[in-house]
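Read-outs throughout are calculated quantities, based only on the coordinates presented, and are distinct from any laboratory measurement. Keep in mind that what you see is a predicted model, and the values were worked out from it rather than measured. We place every Cβ from the backbone using ideal geometry, glycine too, and count neighbours over all the protein chains shown.
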Amino acid sequence: MSVDDLFKPLTLLHGPPMRNRFMLAPLTNQQSEPDGFASRFDQDWIGQVAEGGYALVTTCATTVEAGGIAFARQLGIHRDEHLEGLGRMASTLRAGGALSAVQLHHAGHRAQPELGGVPSPASSRTLPGVDALSTEEVQRIRDSFITAARRAQAAGFDGVALHGAFGWILSEFMSPLLNDRSDQYGGSLENRARLTLEVMEGVRQACGPDFQIGWRLSVERYGLQLEELREITAHVLDRELIDYLDLALWDSAQVVREGSFKGQSMLSVFTSIPRRGVRVGVAGRIMGAQRCAELLDQGCDFVLIARAGILQRDFPHQVRADPCFDSVRLPVPAQYLRAGGLSERFINHMRGWPSFVVPGSR
Ligand SMILES: Cc1cc2nc3c(=O)[nH]c(=O)nc-3n(C[C@H](O)[C@H](O)[C@H](O)COP(=O)(O)O)c2cc1C
């Protein structure tokens, strides 16, 4: 397919269609006010990407409970008082022509006590001295995801993106290494996937037929088993429980190194699943126009732009203007990001990412 195909619209099972094939990936930028209130820096960032030409913009990982926090200055959706700031973000995105989703996040066993987080492991063996969540606590967290989705809807977002990646609570429960529970949320794959599926079903029930549900999945570390993830994904797609799957690979060209899919591209393990009406996209080192088009050829319906979107807030517009557009080479001096409109808070956050900002640059 050609770069032009990236600008064809894409219907979703629920709600309005995507106007093209570009989604802004969730990007934590640690610039919110205490207790998760959106700051003017959050609003500025959203304002920039709203004008960037994306079909759908996902917020950073946003806490569904105060105790689920992982990062300082993380955005929150755990209080009704957050609605005002979130509502402004949603309106800005709509005015720019993009669909919008809040990424719903709970850090599980990785919640940070020094930030008010309450480490919440699936298993008593994960953290010394910390008991596994009780069944009632698991169900409370499930309900917090659902309540947060209702808040996102009330704020005017088109949907939510469930953070099921990187060992945070939904992927933690999926893992046979981190989940040795004996209640209905542990043991068999069906049981380990139950929390994720109950959140999907609960959000659909609470938010109705026009609301969009995305699911972010990662495949590495935390004891996750590729074969199992493929099986559960096939189930989710077959039942059309979500509108889109977001495969969070660190490299979209990654090849499977072991197991029954050894030697195949990681992407093909998922694009080969019958997807019915669900759309499938991938993130991971997508830095230029040609790579985006290649990924459509490889079976993706859309692509997720992350670091390239920080370098160039209007990445889709750049691709539209130049079918050979490529991001600048990393690392970049801090001044490059500042000149592009990034706040000091965001730049400081990016200094913590390997090889992104030239060390010591002002
Ligand atoms: C600064 C930064 C913040 C990120 N924050 C989140 C986040 O809040 N939620 C999430 O699921 N992934 C997050 N990611 C991962 C990205 O969404 C993406 O999957 C990853 O960076 C790979 O894409 P890329 O190679 O195009 O950057 C973050 C990545 C970066 C660089």
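If you check Thr58 against the conditions, is it among the polar types (S, T, N, Q), within 16 Å of the ligand (Cβ to nearest atom) and buried (at least 24 other Cβ atoms within 10 Å of the Cβ)? Full working, then the answer.
Details: among the polar types (S, T, N, Q): yes; within 16 Å of the ligand (Cβ to nearest atom): yes; buried (at least 24 other Cβ atoms within 10 Å of the Cβ): yes.
Spelling it out, Thr58 is indeed among the polar types (S, T, N, Q), within 16 Å of the ligand (Cβ to nearest atom) and buried (at least 24 other Cβ atoms within 10 Å of the Cβ).
One line per residue, one yes/no per condition, for (1) charged (D, E, K, R); (2) more than 13 Å from the ligand (Cβ to nearest atom):
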{"residue": "Gln31", "(1), (2)": "no, no"}
{"residue": "Asp35", "(1), (2)": "yes, yes"}
{"residue": "Ala38", "(1), (2)": "no, yes"}
{"residue": "Gly47", "(1), (2)": "no, yes"}
{"residue": "Glu51", "(1), (2)": "yes, yes"}
{"residue": "Tyr54", "(1), (2)": "no, yes"}
{"residue": "Gly67", "(1), (2)": "no, yes"}
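Given the residues Ala55, Ala38, which is the only one that is small (Gly, Ala, Ser) and either under 13 Å from Ser100 (Cα atoms) or within 13 Å of the chain's Cα centre (by Cα) (or both)? It would help to see each step written out before you state the result.
Values: Ala38 fails: either under 13 Å from Ser100 (Cα atoms) or within 13 Å of the chain's Cα centre (by Cα) (or both).
Selected residue: Ala55, the only one of Ala55, Ala38 that is small (Gly, Ala, Ser) and either under 13 Å from Ser100 (Cα atoms) or within 13 Å of the chain's Cα centre (by Cα) (or both).
Just one of (1) farther than 19 Å from His105 by Cβ; (2) assigned to a helix (DSSP H, G or I) trips up Val199, so point out which.
Checking Val199 against (1) farther than 19 Å from His105 by Cβ; (2) assigned to a helix (DSSP H, G or I), the one that fails is (1).
Tell me, which helices (runs of 4 or more DSSP H) wholly within segment 258-362 include 3 or more residues that are more than 12 Å from the ligand (Cβ to nearest atom) and either over 20 Å from the mean Cα position of the chain (by Cα) or in contact (Cβ under 8 Å) with a residue 12 or more places away in the chain (or both)? Walk me through how you get there before you give the answer.
Working: elements: 266-271, 289-297, 307-311, 315-321, 334-339, 344-351.
Output list reads 266-271, 289-297, 315-321, 334-339.
Residues checked against (1) over 18 Å from Glu344 (Cα atoms); (2) in contact (Cβ under 8 Å) with a residue 60 or more places away in the chain; (3) surrounded by 21 or more Cβ atoms within 10 Å (Cβ to Cβ):
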| site | (1), (2), (3) |
| --- | --- |
| Pro9 | yes, no, no |
| Pro16 | yes, yes, no |
| Thr28 | no, yes, no |
| Pro34 | no, no, no |
| Asp44 | no, yes, no |
| Ala50 | yes, no, yes |
| Gly53 | yes, yes, yes |
| Thr62 | yes, yes, yes |
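Has segment 133-148 got at least one residue that is at negative phi, part of a loop (DSSP other than H, G, I, E, B) and either away from the ligand (no atom under 16 Å from the Cβ) or not basic (Lys, Arg) (or both)?
yes
Is it the case that Gly47 is assigned to a helix (DSSP H, G or I) and not charged (D, E, K, R)?
Details: assigned to a helix (DSSP H, G or I): yes; not charged (D, E, K, R): yes.
Against the criterion (assigned to a helix (DSSP H, G or I) and not charged (D, E, K, R)), Gly47 qualifies.
Anything in segment 214-241 that is more than 15 Å from the ligand (Cβ to nearest atom) and among the aliphatic types (A, V, I, L, M)? List them, or say none.
Filtering segment 214-241 down to residues more than 15 Å from the ligand (Cβ to nearest atom) leaves 223, 225-241.
Of everything in segment 214-241, those that are more than 15 Å from the ligand (Cβ to nearest atom) and among the aliphatic types (A, V, I, L, M) turn out to be Leu226, Leu229, Ile232, Ala234, Val236, Leu237, Leu241.
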